[in-house]
Each structure stands twice: as C-alpha cells, then as structure tokens.
Amino acid sequence: MICLVPSSSSLGISPLIPVVSPASTVTEIRCFLSISAIPEPAHPVYLVTIGKLSALTELSIVPGRIMGALRENISQLKDLRFRAISRNFISGEIPASLGEVRGLRALDLSYNQLTGTISPSIGSLPELSNLILCHNHLTGSIPPFLSQTLTRIDLKRNSLTGSISPASLPPSLQYLSLAWNQLTGPVDRVLLRLNQLNYLDLSLNRLTGIIPGRIVAFPITNLQLQRYFFLNSNRFTGEVPASFVERLLSASIQTLYLQHNFLTGIQISPAAEIPVSSSLCLQYTVWYRRCPLKAGPQKTRPTT
C-alpha cells in the first residue's frame, strides 16, 4: 500500500508522485489529506479544491480556520471514508449530496456554524459508524439512521426539535448525546431498543414520560465497564427505577444525573452508601406526590 499525503503548506495541494521499487507489488494506493492549525482564515476556494481530489479517502482539518459553506461537489469523493472538519468556521447547510458518498464511515463537522436540518440522506449512509455534529446551529428533527454499524451519535448543543422516533436510532448505538436541544416527547420506547448503550446524555431538553429501568439491565458486551446517564433538566415523571439504584450502589453506574425533573420518588435506604467512584445528583427535583384515591371521611362545615 502507498499513502499519498498532500502537504498543507499554502494549501496548494500539489500531487505527490511516490517512488516505488520495481520489485514492489502495489496492492492499494490510499490518499488522505490532513491539515491542522491553519494560522490565517482560509478562503472558501479551498473547499472547492478539496472537492476535486477524487481519490481522497480521508480528510482531516482539525482544528483550522476554514470559512465558507460546504460544497455540493463533495459527492465526487466517492472513496471518502473519513471526514473531519471540526473546530472551523464552516457555515451554511450540510449538503444533501454528502449522502451520495456511500462508503463514508465517520463524519465529524462539530464546533462550526452550520445551520439547517440534518438531511435524511445522511441517515441513509449504509456504513456510517460515527456521526459528530455537536456545537452547531442545526434545526429540525432527527432523521432515521439506517446503518446497522452506527455506534456513536453526538448532536449536543444544537437547536433540534420534535420527538425521537423509536425506529430512528439503530440498536448498535453505544454512545448517544442529544443534550442541549429542544427535543420533546417520551423516550422509553426509544431507549428500550438501545441495548448496547454505555453513554447516554439527554439532558437539557423537554423530554417527558417515565424513565425505563430496563436500560441499565442490558448486558455490557464491550470494554466500557461503567455507564454514564445524564437525564437531568427534562420533564421526566414517575419513580426513579429500582434498577438504577441497584446499579449505582454496585458501582456499575458511574454517573446518574436526574436533577431538574418531576419525579415522584426514589427507593433508597437512608443507610445506603454510594461508592466513591459513583455520582448521583437529584437536586432541584420536584418530588410530586400522587393524589390518594380516597381522602378519608368527608368533613362537614359546622352549622354554628
């Protein structure tokens, strides 16, 4: 295999010609571009230039000072598998044509100024395993994701709205962060499908309904031996599941944040000791009491 690595000097992106021994057997030519710490703001023309590198398989500009909008010609990079343009000044919408790059496995456009919605074409990428679009200004709903190898979704710090469809997230997910959005509706049916989760952050939304206790009862099948659950600052109701308490006391839950909700109670002994390696936060939770079915004998007002 030969790796062609274009230089980042002046972003001229001149082609490189490898020196190959006559006795060598070349089985693959792999081209990737890595640009980091660009000192001055880069003109949007560089994005057009990159779109012409048809043999590109990996693109990383992290961090950088690339400005402007992503171009539709990104669909010409048919061999692209990894794309990271994080911590730049990219604006505008994510091109729907990106969904035509069918071999794309990782997409990281975090910490930019992207607007608009997440196109359903992104969700239809069959080999996508990592999607990181956090810290942007994206709006609209979460599209359904079809990839059965998708393990990480990070969409925190956007302005996403609507409810989460139970069928929109594949059960292969291990890391899900949707914090700091405006999502609504229940999530119990969604979470029950995600039996490989080890990191869940749904905090600071407007989610409602009960918290399903079964999500902490799933077997851990990977090397992540502790789980992290951030469910704070929503509108969840009902009791804290007993399975949450059991896992917390056994230290198999590392972090459990439930503050700022509308929960009705938690079954935990006052003498219980939470392991020093675990964190539980319940502050500012409104502990609503259910109205009793009967209030006792009816009292009458005195006549005199």
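List every residue pair whose Cβ atoms lie under 7 Å apart, where the two residues are 6 or more positions apart in sequence or sit on different chains, the first residue falls within segment 54-72 and is touching a residue at least 12 places away in the same chain (Cβ under 8 Å) and within 17 Å of Ala106 (Cα to Cα), and the second residue, located anywhere, is buried (at least 17 other Cβ atoms within 10 Å of the Cβ) and basic (Lys, Arg). Pairs found: Thr57/Arg81; Glu58/Arg81; Leu59/Arg83; Val62/Arg87; Pro63/Arg87.
Would you call Tyr175 at positive phi, buried (at least 18 other Cβ atoms within 10 Å of the Cβ) and hydroxyl-bearing (Ser, Thr, Tyr)? No; evaluated as a whole, the condition is false for this residue. Filtering Ile132, Ile142, Ile153, Ile94 for residues that are modelled with pLDDT of 95 or more and closer than 14 Å to Leu70 by Cβ leaves a single hit, Ile94.
Tell me yes or no: at least one residue of segment 160-171 is out of contact with any Ser or Thr (no Cβ under 6 Å at 6 or more places or on another chain), touching a residue at least 12 places away in the same chain (Cβ under 8 Å), surrounded by fewer than 17 Cβ atoms within 10 Å (Cβ to Cβ) and part of a strand (DSSP E or B). Yes, some residue in segment 160-171 is out of contact with any Ser or Thr (no Cβ under 6 Å at 6 or more places or on another chain), touching a residue at least 12 places away in the same chain (Cβ under 8 Å), surrounded by fewer than 17 Cβ atoms within 10 Å (Cβ to Cβ) and part of a strand (DSSP E or B).
With respect to the conditions (1) at pLDDT 90 or above; (2) over 21 Å from Val240 (Cα atoms); (3) in a loop (DSSP other than H, G, I, E, B); (4) not β-branched (Val, Ile, Thr), Asn222 lacks only one, and its number is (1).
In segment 178-206, the qualifying residues are those that are out of contact with any Pro (no Cβ under 9 Å at 6 or more places or on another chain) and of a type in the set (D, E, K, R), and the one that is surrounded by the fewest Cβ atoms within 10 Å (Cβ to Cβ) is Arg206.
Okay, residues lined up against (1) assigned to a strand (DSSP E or B); (2) more than 19 Å from the chain's Cα centre (by Cα); (3) of a type in the set (Ser, Thr, Tyr):
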| position | (1), (2), (3) |
| --- | --- |
| Thr49 | no, yes, yes |
| Ser75 | no, yes, yes |
| Leu98 | no, no, no |
| Thr117 | no, no, yes |
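Residue by residue through segment 60-101, note down the ones that are touching a Leu at 6+ places or on another chain (Cβ under 7 Å), buried (at least 16 other Cβ atoms within 10 Å of the Cβ) and on the phi > 0 side of the Ramachandran plot. Hit for segment 60-101 is Gly68, nothing else. Counting only residues that are of a type in the set (S, T, N, Q) and more than 17 Å from Leu114 (Cβ to Cβ), segment 141-176 holds 9 of them.
Taken over segment 254-302, the criterion of being of a type in the set (Ser, Thr, Tyr), over 20 Å from Asp201 (Cα atoms) and modelled with pLDDT of 65 or more is satisfied by Thr264, Ser269. Being out of contact with any Pro (no Cβ under 9 Å at 6 or more places or on another chain), under 28 Å from Asp201 (Cβ atoms) and of a type outside the set (Val, Ile, Thr) is the requirement here; does Ser121 meet it? Taking the combined requirement at face value, the residue does not satisfy it.
The values are calculated or read from the model by the stated rules, or taken from the named source; none is laboratory data. Keep in mind it's a predicted model, so treat the numbers as computed, not measured. Cβ atoms come from the backbone with ideal geometry, glycine included; neighbour counts cover every protein chain shown.
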